[in-house]
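Below: the structure, in C-alpha cells.
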Amino acid sequence: MTRRIKLRAILVGGLITLLFVVLVGRIYFVQVVHGDRYLALAKNVWSASKVINPVRGNITDRNGNILAMDAAAYTVAVNPEVIHKLKLEDRIADGLHELLGTPRERLMSDVTAKKESGEFLVNREVRSGGWKIDKDLADKVSEFRNKLREETDQDEVGIYLMEDQKRYYPRDTLASHLLGYIEKNEGKAVYGLERFYDEKLRGTKGSLKYEKDGKRVQLVEGEVEYTPAHDGNNLTLTIDTEIQSYIEEAIKKASKAYNPKSITAIAADPNTMEILGLASYPNYNPNAYWETKEQGNFYNHSVGQLFEPGSTFKILTLAAAVEENQFNPYDTYMSGSIMVGKTRIRDHNGGIGWGKISYLDGLKHSSNVAFVKMGAERLGAEKLNTYITNFGFGTTTGIDLPGEVAGLVNFNWNRPTEVATATFGQGVLQVTPIQQLTAVAAVANGGNLMQPHLVKRIEDPTTGAVTVVEPKLVRQVISKETSAKVGDYLEQVVSDQSIGTGKNAYIEGYRVAGKTGTAQKAAGGGQKGYSNKKYLVSFIGYAPVEDPKIVVYVVVDEPNDPYAGGGTVAAPVFREIVQQSLNYMGVAPSITDGQVKEINGLQTTIIDVPELEELQIAQAQSELKARGLSYELLGTGTKVVKQIPKAGTSVPSSQRVYLLTEERSKLTIPNMRGLSLRDALEVCSLLDIRCVSEGEGYVIEQMKAKLDGEDVIKLMLQPPYEPEESDPPADTDGADETEVDNNEANDDADGAEPQAEDDPSDGSDPAGQE
C-alpha cells in the first residue's frame with residue numbers, strides 16, 4: 001500500500017516536473033528565441049496611430065482677400081446598435097431627414113445597418129447630406145441630439161459629430177471658373193487653380209504613433225513616433241476681387257438680356273499680362289458644386305473654347321500691315337466687294353459698301369474688303385502667316401490653368417480664299433479667348449507678347465519662403481512706334497460716333513481703343529458652310545490709349561437676337577467693366593473738357609480744340625491725342641502755321657483737325673471727309689481753291705470738277721446718321737461666282753467662309769466649332 005502511494009507520488013511529481021520543464025522551455029522559446037517577434041506583435045496590439053492631415057494652402061486675391069481656404073467641418077455618424085436598443089430608428093431618421101435633407105429611406109438604411117454576421121454596427125457615417133457639414137448645421141444636429149438625451153434620459157443616443165475640415169470659398173460663385181473646387185468625399189482637386197496647383201496647395205500628411213493601455217489611453221512612458229504635417233503653400237493671385245466682381249455683374253446682366261449659350265470676359269494688365277479678372281456665365285458655386293446639374297456650367301471657356309474670332313482679329317492684320325509699311329490711313333479703295341479667285345468677298349452691309357473711302361474709314365466701318373486688300377494683297381500669305389504665328393496663335397499661351405487648347409492656324413497659302421478670310425478672322429482659323437486677349441495686349445503695350453499668368457506669389461507657411469512670379473516676355477512682335485499708331489487708329493473706331501462700329505464702347509474722358517467682332521458659326525448638324533442664325537459676337541479693347549492699364553475681351557456665344565452684333569451686345573459690357581475698373585484703379589481721365597451732346601439723335605462727345613499755332617508738330621500731335629481728336633498734316637513743315645478749326649472751337653470728337661505747316665501755294669488738297677460745310681469751305685479758302693457743295697451736313701465725298709470752265713472741288717454732303725443695325729442678312733446677287741458675304745446686320749459682321757468652285761474643301765464644318 002505504502003509502496004503504491006510512493007509510486008503514484010513519484011509519477012505525479014514526474015509529470016509536474018515534466019510540465020514545468022516544458023513550460024520553462026516554452027517561456028524561453030517565446031521570450032528569448034522569438035522574443036523580438038512576439039514583442040512586435042504585442043506592440044501592434046497596444047500601439048495606436050493616426051494620420052495628421054495638413055492644412056491646404058489659402059488662395060487670396062492680389063490684395064489679400066480670401067478666395068479659398070480650409071474651414072472647420074463636421075461629419076454626422078450614427079450607432080445602429082445603440083439606436084436599436086433605445087428604439088429610436090424612426091425618430092432619428094425623421095429628425096436627420098429634416099435637418100440634412102437626406103432621403104428618409106437612405107437614413108433608415110444607415111440607422112439600421114448591420115454587419116455580415118447580423119449584428120448591428122456601432123459606427124456608420126451619414127455620407128449623404130451629413131458629410132463635412134458646416135458649423136451652423138452641425139449646431140442644429142447637436143441640438144437635436146441634446147433633445148433626444150432629455151427625452152430618453154440617456155447620454156448615449158447614437159448620434160455623433162466628428163470634427164473634420166473642408167474647402168471653403170467665402171465668395172461663393174465669384175471666380176468659380178478660376179478656382180475650381182475640391183471634391184467633397186474624396187478630396188480630389190477638380191478644375192481651375194485648385195487642380196493646376198494641387199501639388200503645391202495640398203501639403204504633406206503627418207503621422208502620430210503611440211502606445212496605449214486597454215482603455216486606449218496613451219501610456220505615459222510609452223514610445224511616441226511623431227512626423228509633423230507640412231501645410232500646403234499659400235497662393236496670392238493677380239486677380240482683383242473688385243474687378244472680378246465688375247466682370248461677373250456685367251456678363252450676368254448681358255446674359256439675362258440676350259440669353260446666349262455662354263458669355264466670357266477676361267481683363268488683364270496689358271503690360272505684364274497679369275490677369276485681373278476672368279469669368280464665364282453660367283457659372284456654379286464651388287461650395288455646393290453638386291447642385292449644378294448642367295456640366296457646361298463648369299467649363300472654362302477662356303482657355304478651352306475654340307471659335308473663329310471674326311473682326312476682332314483685324315487688329316492683328318492691321319498691326320502687321322502698319323509694321324510692314326503697308327497701311328496708309330488716307331489711301332483710298334473701293335468698298336463693297338472684292339473678287340478673290342472665283343470667290344466674291346463682301347462687306348457686311350450686303351456688299352453695298354460705302355463707295356470709295358479711305359482705309360481708316362474702312363477700319364471704322366469694319367470693311368472686309370479693306371483687310372483683304374491690306375492683308376492678302378499687300379502683306380501676302382507668307383508674311384501674314386508669320387505675324388499670326390508670332391502673335392501666339394496655334395500654340396498655347398502657357399497660362400496657369402488646366403485644359404488650355406492650342407487653337408488652329410491651318411490656312412493653305414495656295415488657296416487665295418483661305419488667306420483672304422484669315423485676314424478678317426474666319427475660315428480655317430480658330431482661337432481661344434486667352435490667345436486673342438494676349439495678342440491684342442501685345443499691340444497695346446508696345447509690341448511685347450507676354451505670357452498670361454494668374455499667380456503673383458507662392459508662400460510656404462512653414463519656412464516662410466516666398467516665390468515671386470515675374471512677368472515673362474515671349475517675344476517682341478511689333479515696334480513701339482507701330483503699337484502707338486495702331487492704338488491711334490483703333491481709338492477712332494470707338495471715338496467716331498458717326499461711323500465707328502465700336503462707338504458703344506466709348507467712355508467719356510478716356511481714350512479707348514477697340515474693335516468689334518461678329519463671326520458666323522458653322523451650321524452643324526451635318527451641314528456644310530455657315531449658319532445664318534448662329535453668331536459669336538465680341539469686343540476687345542484697351543484704355544487709356546496713351547498708357548494702357550487694362551485690356552478686356554468680351555465674347556458672347558449665340559445671343560438670342562440673330563441680328564445683334566459685337567457693337568450692340570459686347571461693346572456695352574466692355575464699357576461697363578472698363579469704366580468701373582479705371583475709376584477703381586484711380587486712373588484719371590485724360591480728356592477733361594469733353595461733354596456729351598445729342599446731334600441729330602446721336603450721343604456725341606464735344607471737345608474744345610486747343611491752341612496749336614506756332615507749336616512744333618510733335619507738340620501739336622500730343623495735344624490732339626490727349627483730347628481724343630484725330631488730325632491731318634498739310635505740308636512738310638516742322639511747326640503749325642495755321643489750324644482748322646481755330647482754337648476754342650467746340651467740335652465732335654469724330655471731327656478731324658487740319659494742321660497747316662507751310663505756305664498754301666505748296667499744299668495739296670486734303671481729304672475733307674467728315675468736315676462740316678463751314679470747315680470744309682475754310683480749308684478751301686486757305687488753299688485758295690473754289691469749292692461747291694451739294695446736300696447739307698458733313699462731307700462724305702469730294703471730287704474734282706469744272707464749273708464754267710474753272711477747276712473746282714465738288715463736295716457731297718449728308719447729315720450724320722446712325723448705321724442700320726437691324727437689316728436682315730443680304731441675299732447673294734445670283735452671279736455665277738461663289739460669294740463671301742457677312743450675314744451680319746449691324747455693326748460689323750465677318751464674312752462666311754467661301755465655297756469656291758476651285759476649292760472643294762471650302763465650306764466644310766470648321767473643326768472645333770460648337
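The values are calculated or read from the model by the stated rules, or taken from the named source; none is laboratory data. Being a predicted model, the structure only gives us computed values, none of them experimental. Positions of Cβ are backbone-derived with ideal geometry, glycine not excepted, and every protein chain shown enters the neighbour counts. To get the accessible areas, we keep the full protein, side chains included, count just its heavy atoms, and leave off ligands, DNA and RNA. Shrake-Rupley method; radii C 1.70, N 1.55, O 1.52, S 1.80 Å.
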Give the angle, between 0 and 90 degrees and rounded to the nearest 10, that separates the Cα long axis of helix 89-100 from the longest principal axis of the Cα atoms of the chain.
20
Tell me, in nm to one decimal, what length is gained between residue 626 and residue 647 on full extension, where the rule is 0.36 nm per residue of separation less the Cα-Cα distance?
6.0 nm
Whichever lysines have a C-alpha closer than 16 Å to that of residue 209, once near sequence neighbours (fewer than 8 apart) are set aside
43, 50
About its Cα centre, how strong a charge dipole does the chain have in debye, to the nearest 20, once Lys and Arg get +1 and Asp and Glu get -1 at the Cβ?
4260
Specify the angular offset, from 0 to 90 degrees and rounded to the nearest 10, of the alpha carbon long axis of helix 617-626 from the longest principal axis of the alpha carbons in the chain.
50
Percent of accessible area on the chain owned by carbon and sulfur, 1.4 Å probe?
48
Any lysines whose Cα falls less than 26 Å from that of residue 253, other than same-chain ones fewer than 8 residues away, would be 261, 293, 503, 515, 521, 533, 534, 549
Mind grabbing the accessible area of residue 710 for me, 1.4 Å probe, Å², rounded to tens?
80
Using alpha carbons only, how many degrees (0 to 90, rounded to 10) separate the axis of helix 241-258 from the longest principal axis of the chain?
70
Sort 52, 92 by heavy-atom solvent-accessible area, probe 1.4 angstrom, most to least.
52, 92
Kindly report the accessible area of the range 406-487 per residue (heavy atoms of protein chains, probe 1.4 Å, no ligands, DNA or RNA), in Å².
37
Förster radius 41 Å - calculated FRET efficiency between residue 142 and residue 406 (Cβ-Cβ, nearest 0.05):
0.15
Using only protein heavy atoms and a 1.4 Å probe, report how much of residue 606 is accessible, in Å² to the nearest 10.
10
Extension gain from residue 352 to residue 291, taking 0.36 nm per residue of separation minus the Cα-Cα distance
16.8 nm
So what's the net charge close to residue 388: Lys and Arg +1, Asp and Glu -1, counting the other residues with Cβ under 14 Å from its Cβ?
-2
How would you order 609-621, 569-581 from highest to lowest mean count of nearby Cβ atoms within 10 Å?
569-581, 609-621
Enter the per residue convex hull volume of the range 461-514, computed from alpha-carbon coordinates, in Å³ rounded to the nearest integer.
169
Candidate lysines for bridging to residue 714, where Cα separation is under 25 Å - those fewer than 8 sequence places away on the same chain excluded
356, 364, 642, 646, 666, 704, 706
Keeping all protein chains in position, work out how much accessible area residue 84 exposes to a 1.4 Å probe, and write it in Å² to the nearest 10.
80
Just the number, please: Stokes-Einstein D of the chain in µm²/s, Kirkwood Rh from C-alpha pairs, 37 °C, 0.692 mPa s.
106
Exposure rank, largest accessible area first [227, 397; 1.4 Å]
227, 397
Past 20 Å, Cα to Cα: identify those pairs from 314/485; 200/456; 114/166; 135/166, in the order given.
114/166
